[in-house]
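A.B. asks: Pasting a structure below so you can have a look.
The values are calculated or read from the model by the stated rules, or taken from the named source; none is laboratory data. Everything quoted here is computed from the prediction, not taken from an experiment. As a convention, Cβ positions derive from the backbone with ideal geometry for all residues, glycine included, and neighbour counts pool all protein chains shown. Protein only, heavy atoms only, side chains kept; ligands, DNA and RNA dropped before computing areas. Shrake-Rupley method; radii C 1.70, N 1.55, O 1.52, S 1.80 Å.
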Amino acid sequence: QYTLDNYINKNKDIVIKQLQEKRLNAIIIGDGNTIIDYYPKGKVVSNDRIILITNGQNITLPNMTNWSKREAKYLLDYLNIKYTLTGNGYVKTQNIKEGTPITPDMDLQLTLENKVTKKEETKKE
């Protein structure tokens, strides 16, 4: 478990390197080189996803597959994207492809599902 540093106004490449050293997954939003916001703040564990918002003007939609509902809502609210979430759990599908530029009229549909794995049951006769 780690407590994240404050990354605001830090160089993107340095922050990415620090996160990778802690085995955290950095998701970069924007094409800038300075971090202007990030999520989550506080405590995280290895392999957690850290969303880094940069000062870049060119912002494209990331692949949100396997993102938690909370992570998706944070980013979409932050970017002021209109969206609909169907289901609970983690993102399974999105209707707009990764890499699509964010536009004011974008309407993103995310389908979520729980990641509970079902054990196979066998019936003895």
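A.B. asks: Do we find that Gln57 is surrounded by fewer than 11 Cβ atoms within 10 Å (Cβ to Cβ), out of contact with any Pro (no Cβ under 6 Å at 6 or more places or on another chain) and in contact (Cβ under 8 Å) with a residue 40 or more places away in the chain in this structure? Full working, then the answer.
C.D. replies: Numbers: surrounded by fewer than 11 Cβ atoms within 10 Å (Cβ to Cβ): yes; out of contact with any Pro (no Cβ under 6 Å at 6 or more places or on another chain): yes; in contact (Cβ under 8 Å) with a residue 40 or more places away in the chain: no.
Taking the combined requirement at face value, the residue does not satisfy it.
A.B. asks: Next question, about the same structure. Can you pull out the residues in the stretch 34-49 that are of a type in the set (Val, Ile, Thr), open to solvent by 30 Å² or more (accessible area, probe 1.4 Å) and within 26 Å of Lys97 (Cα to Cα)? Steps first, answer last, please.
C.D. replies: Pass one, the stretch 34-49, residues of a type in the set (Val, Ile, Thr): 34-36, 44-45.
Now drop any that are not open to solvent by 30 Å² or more (accessible area, probe 1.4 Å), which leaves 34, 36, 45.
Selection gives Thr34, Ile36.
A.B. asks: Could we say that Asp31 is surrounded by 14 or more Cβ atoms within 10 Å (Cβ to Cβ), more than 25 Å from Gln109 (Cβ to Cβ) and of a type in the set (Asp, Glu) here?
C.D. replies: Working: surrounded by 14 or more Cβ atoms within 10 Å (Cβ to Cβ): no; more than 25 Å from Gln109 (Cβ to Cβ): yes; of a type in the set (Asp, Glu): yes.
No; evaluated as a whole, the condition is false for this residue.
A.B. asks: Could you please let me know if Asn9 is part of a loop (DSSP other than H, G, I, E, B) and in contact with a Gly (Cβ under 9 Å, 6 or more places away or on another chain)? Step through it out loud before you land on a result.
C.D. replies: Values: part of a loop (DSSP other than H, G, I, E, B): yes; in contact with a Gly (Cβ under 9 Å, 6 or more places away or on another chain): no.
When the stated conditions are applied, Asn9 does not pass them.
A.B. asks: So which of Ile29, Ile36 ends up being under 27 Å from Lys115 (Cβ atoms) and among the β-branched types (Val, Ile, Thr)? Quick ask: steps written out before the conclusion?
C.D. replies: Working: Ile36 fails: under 27 Å from Lys115 (Cβ atoms).
Just a single option satisfies the conditions, and that option is Ile29.
A.B. asks: Another question, then. From the list Gly99, Gly30, Gly89, Gly42, exactly one residue is on the phi > 0 side of the Ramachandran plot and in contact with an Asp or Glu (Cβ under 8 Å, 6 or more places away or on another chain). Which is it? Write out each step before concluding.
C.D. replies: Values: Gly99 fails: in contact with an Asp or Glu (Cβ under 8 Å, 6 or more places away or on another chain); Gly30 fails: in contact with an Asp or Glu (Cβ under 8 Å, 6 or more places away or on another chain); Gly42 fails: in contact with an Asp or Glu (Cβ under 8 Å, 6 or more places away or on another chain).
Unique residue meeting the criteria: Gly89.
A.B. asks: Go through the stretch 97-119 and give me each residue that's aliphatic (A, V, I, L, M), over 23 Å from Ile50 (Cβ atoms) and open to solvent by less than 100 Å² (accessible area, probe 1.4 Å). Break it down into steps so the answer makes sense when it comes.
C.D. replies: Let us first name the residues in the stretch 97-119 that are aliphatic (A, V, I, L, M), namely 102, 106, 108, 110, 112, 116.
Those still in the list that are over 23 Å from Ile50 (Cβ atoms) too: 106, 116.
Within the stretch 97-119, just Met106 meets the criteria.
A.B. asks: Next up: Would it be correct to say that Tyr78 is among the aromatic types (Phe, Trp, Tyr), under 29 Å from Gln109 (Cα atoms) and open to solvent by 70 Å² or more (accessible area, probe 1.4 Å)?
C.D. replies: Values: among the aromatic types (Phe, Trp, Tyr): yes; under 29 Å from Gln109 (Cα atoms): yes; open to solvent by 70 Å² or more (accessible area, probe 1.4 Å): yes.
Judged against the criteria, Tyr78 is a match.
A.B. asks: Then there's this: Based on what the data block shows, is Leu52 open to solvent by less than 60 Å² (accessible area, probe 1.4 Å), in contact with a strand residue (DSSP E or B) (Cβ under 6 Å, 6 or more places away or on another chain) and over 16 Å from Leu4 (Cβ atoms)?
C.D. replies: Values: open to solvent by less than 60 Å² (accessible area, probe 1.4 Å): yes; in contact with a strand residue (DSSP E or B) (Cβ under 6 Å, 6 or more places away or on another chain): yes; over 16 Å from Leu4 (Cβ atoms): no.
So Leu52 does not fit the description; no.
A.B. asks: Among all residue pairs at least 6 apart or on different chains, which show Cβ distances below 6 Å where the first residue, located in the stretch 11-23, is hydrophobic (A, V, I, L, M, F, W, C) and the second is assigned to a helix (DSSP H, G or I)?
C.D. replies: none
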